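Inspection log for the structure reproduced underneath, given as structure tokens.
The values are calculated or read from the model by the stated rules, or taken from the named source; none is laboratory data. These numbers were taken from a predicted model, which means no experiment stands behind them. Here the Cβ positions follow ideal geometry from the backbone for every residue, glycine too, while neighbour counts run over all protein chains shown. Surface areas here come from the heavy atoms of the whole protein model, side chains and all, with no ligands, DNA or RNA. Shrake-Rupley method; radii C 1.70, N 1.55, O 1.52, S 1.80 Å.
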Amino acid sequence: MTKVDNQISVRMVVLLLVGGLTVYVACRNPELGIAIGVGVIVVTLLHLLLGK
């Protein structure tokens, strides 16, 4: 069975969901920081932690 390269991986789905959730929480609570910055930091850290 061959892998199709144009499909989204489970890892990418998890990263996008966690990033979106983090941005949402940061928007709802301004004291948590700038929403986009927090989302980028969380996604970057998860990307590094889940790296192969």
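Each residue, residue 29 and residue 12, gets one label point 7 Å from its Cα in the Cβ direction; the gap between the two is 3.1 nm. To the nearest 10, the accessible area of residue 45 is 100 Å² with a 1.4 Å probe.
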